[in-house]
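Everything below concerns the one structure shown next.
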Amino acid sequence: MKEMKNKFFITTPIYYVNDQPHIGSAYTTIAADVLARFHRFYGDDTFFLTGTDEHGAKVEAKASDNGMEPKVFVDDVSEKFRKVWKELNISNDNFIRTTDEHHIKAVQNTLQYLYDKGDIYKGDYKGLYCRGCEQFKNEKDLVDGKCSDHDKEPEEICEESYLFKLSKYSDELLNKIKTDKFKITPIERKNEVISFYEKEGLNDISFSRQNVSWGIPLPWDKSHTAYVWADAFLNYLTGLGWDPSTGSASSPQASSGQVSKFWPPEIQLIGKDILRVHATIWPAMLLALGLPLPKLLFVHGFFLVKGKKMSKSLGNTITPSQMIEKYGVDATRYLLISAATFGRDADISWEWLDEKFNADLANGLGNLVARVSNMLEKNNIELELISSKENKYFEEFNKLIDNLQLDEALKYIWSIIKYQDEELSTKAPWKIKEADQVKTILAPIAQNILDISHLLSPFMPSISEKIITQFSQKKVKKGESLFPRLTL
Ligand code: MSP
């Protein structure tokens, strides 16, 4: 039996609203949803947070390109994210927007606290800024003078700014990362972060901008707005309803109990492009606030199209809506999670998706369920199967999920499907006349179908529920086709 009733708090990054959702953002969200559903399904007290990141120069510029007021523009795009997540059956417990009044207040109170504490101070800041990343860049980060993620030259910024004392937390953070007190996986990502700390160290960083009006004004100097990442990171706290103004005077955030029973996150999922900020600025802010660090930062790779990162600017995106239209919701979830070894890049194309759909879903799971239910109905067989979440496959499956090997967990289920297919072919019950003997062959296969459907439930919530209902009846009936085969 799995030990239960732990708390489980998982977050996705909050998405910039300069773009419509594409399958890159859907990937992180579906993966988080699978983990949240898995923990909820087995009894953990779970909180799953996602949302949208709506301030900053990039979003401001995009709104202006569209001839819209920033707030009208962000309302519109944020709603699109919310809608797509609903369509994808994402079970988030909150959807935080950085334009929420409550978030804005909390950001102001937090920054004021850090300013009063001396962790934020006035200075001049000079640096190269990539608006695509909303990050300052070192010369070393550039390829031919350009940001490699956005293929653009960063702009030079030299202005009065309020700086955050990031350098102060360098040693403590490096130590926590090395000793896994703040764990980063996969291991190569952890090593990359350690090497960054050791080679370059942490320098104080600009936490405010004078020329970006679409942002949260600093409470003590309204001619500055908060740096968009300082604002965005705090979503992980405000998304739990956190309000720093209700804490004690000396440290408003002194104990995790004051944030929420869910703090700190068990897992924060992020893509590799936002690792450095999540492994430096973010935990440093938490240390400055006296709050516990997240337990695990899990870094996944990118979806690539012919070797290039899928992105709106390259015009090579596939959207979740396009996939849902073609394959249905659960198949879209399945295809995206199977497309990559969790933690690594993967090339993706419509051809690959079509073939995978036909092979694994139409010919695999769909066909097995159809054949078995059809024969059970035809032979009028009565079954008494046991319907249990913690069946014989659970332990192995649970291990893979705990290790965050989501694609491997699916492969494991598909190895069971393949074995059941082989059983059917070798035992060929359709050639047998006696109903009793047919039952002897089909009952264990039906039991296996029921077992794997329970495991599949966090990945494919609707389809697995359908199969569970279908195979929990005494007399199983052939249902509608789950995954109609695509003609390619
Ligand atoms: N707003 C920031 C995050 C702030 S969190 C405090 C941001 N937003 S984003 O919309 O640009 O990216 C959000 C996530 O989507 C990142 O984890 C990023 O890695 C992921 N993806 C964006 N494109 C992707 C692919 N092509 N493939 C896989 N994931 C990618 O960064």
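The values are calculated or read from the model by the stated rules, or taken from the named source; none is laboratory data. Here the structure is a predicted model, which is why all the values come from computation and not from measurement. When we count neighbours, we look across all protein chains shown, and the Cβ atoms used for this are built from the backbone with ideal geometry, even at glycine. These accessible areas exclude ligands, DNA and RNA; they are computed on the full protein's heavy atoms, side chains included. Shrake-Rupley method; radii C 1.70, N 1.55, O 1.52, S 1.80 Å.
So if the hydrodynamic radius of region 298-454 is defined as the Kirkwood radius over C-alpha pairs, what does Stokes-Einstein give as its diffusion coefficient at 37 °C and 0.692 mPa s, in µm² per second?
Values: Rh = 17.7 Å.
Approximately 185 µm²/s, per Stokes-Einstein.
Using θ = phi - 60° and the Karplus relation 6.51 cos²θ - 1.76 cosθ + 1.60, list the HN-Hα couplings for region 183-200 in order, rounded to whole Hz, with x at every Gly or Pro.
Along region 183-200, the couplings run 8, 10, 10, x, 3, 5, 6, 4, 4, 4, 5, 4, 5, 4, 4, 6, 7, 10 Hz.
With a 1.4 Å probe and all protein chains left in place, how much accessible area per residue does the chain have, in Å²?
Ligands and nucleic acids excluded, the figure is 43 Å² per residue.
Scan around S208 for amide H atoms under 5 Å from its own, H built in the peptide plane at 1.01 Å from N, and keep only partners 5 or more places away or cross-chain.
Y162, Y227
Dipole of region 96-185, Cα-centred, from +1 at each Lys and Arg C-beta and -1 at each Asp and Glu C-beta, to the nearest 20 debye?
500 debye
Full-extension gain between K222 and D76, please, as 0.36 nm times their residue separation minus the C-alpha to C-alpha distance.
Gain on stretching K222 to D76: 49.9 nm.
Quick one: with all protein chains in place, what share of the accessible area of the chain is carbon or sulfur, to the nearest percent (1.4 Å probe)?
Result for the chain: 48 percent of the exposed heavy-atom area is carbon or sulfur.
Would you work out the charge dipole size for region 3-79 about its Cα centre, treating the Cβ of every Lys and Arg as +1 and the Cβ of every Asp and Glu as -1, and quote it to the nearest 20 debye?
Charge dipole of region 3-79: 360 debye, to the nearest 20.
Tell me whether region 50-146 comes out rounded, prolate or oblate; compute the Cα gyration tensor, take square roots of the eigenvalues as a ≥ b ≥ c, and use a/c under 1.5 as the rounded threshold.
Details: a/c = 1.91, a/b = 1.28, b/c = 1.49.
Here region 50-146 falls in the oblate category.
Can you sort K312, K418 by solvent-accessible area, 1.4 Å probe, largest first?
Per-residue accessible area, sorted high to low, gives K418, K312.
State, in angstrom, two size descriptors of region 75-231 derived from its alpha carbons: Rg to one decimal place and Dmax to the nearest whole number.
18.0, 47
In whole percent, what relative contact order does region 350-471 give with Cα contacts below 8 Å and a gap of six or more residues?
This gives 32 percent for region 350-471.
Skipping prolines and chain starts, which residues have an amide H placed within reach, meaning under 5 Å, of the one on Y16, given they are 5 or more residues away or on another chain?
D53
From the phi angles alone, apply the Karplus equation (6.51, -1.76, 1.60; θ = phi - 60°) to region 479-488 and give each ³J(HN,Hα) in whole Hz, x where the residue is Gly or Pro.
x, 6, 5, 6, 9, x, 4, 7, 8, 9
How far apart, in nm, are two points set 7 Å out from the Cα along the Cα-to-Cβ line at K181 and at K418?
Between K181 and K418, the simple spin-label model gives 4.5 nm.
From Cα pairs below 8 angstrom and at least 6 apart in sequence, can you work out the relative contact order of the chain, rounded to a whole percent?
This gives 16 percent for the chain.
Amide H neighbours of L304 under 5 Å, counting only residues 5+ apart in sequence or on other chains, H built in-plane at 1.01 Å?
Excluding prolines and chain starts, which carry no amide H, the hits are M310, A346, D347, I348.
Could you order peptides 48-55, 384-391 by the average number of other Cβ atoms within 10 Å of their residues, highest first?
Answer by packing, highest mean first, reads 48-55, 384-391.
Rounded, prolate or oblate: which fits the chain when a ≥ b ≥ c are the square roots of the eigenvalues of the alpha-carbon gyration tensor, with rounded for a/c under 1.5 and prolate only if a/b beats b/c?
Judged from the Cα gyration tensor, the chain comes out prolate (a/c at least 1.5, a/b above b/c).
What accessible area, in Å² to the nearest ten, does a 1.4 Å probe give for K272?
60 Å²
How many Å³ per residue does the convex hull of the Cα positions in region 27-106 occupy?
Considering the Cα atoms of region 27-106, their hull volume per residue is 101 Å³.
I'd like the accessible area for K222, computed on protein heavy atoms only with a 1.4 Å probe and all protein chains in place. Round to 10 Å², please.
Approximately 140 Å² of K222 is accessible to the 1.4 Å probe.
Calculated from DSSP H runs of 4 or more alone, at -39500 (n - 2.57) each and per residue, what is the 222 nm mean residue ellipticity of the chain, nearest 500?
Mean residue ellipticity, 222 nm, calculated: -13500 deg cm²/dmol.
Under 11 Å from the 7 Å Cα→Cβ point of K312, by amide nitrogen: which residues of region 17-33?
Under 11 Å, as judged by backbone N against the label point of K312, lie 17-22 of region 17-33.
Please list, in order along region 201-215, the HN-Hα scalar couplings obtained from phi with the Karplus expression 6.51 cos²θ - 1.76 cosθ + 1.60 (θ = phi - 60°), rounded to whole Hz, x for Gly and Pro.
x, 10, 9, 4, 10, 5, 10, 8, 10, 8, 10, 10, 7, 7, x
Which value, in debye to the nearest 20, describes the size of the charge dipole of the chain about its Cα centre when Lys and Arg Cβ atoms bear +1, Asp and Glu Cβ atoms bear -1, and nothing else is charged? Present the calculation step by step, with values, prior to reporting the outcome.
Values: 62 positive and 69 negative charges, 240 e Å.
The dipole of the chain has a size of about 1160 debye.
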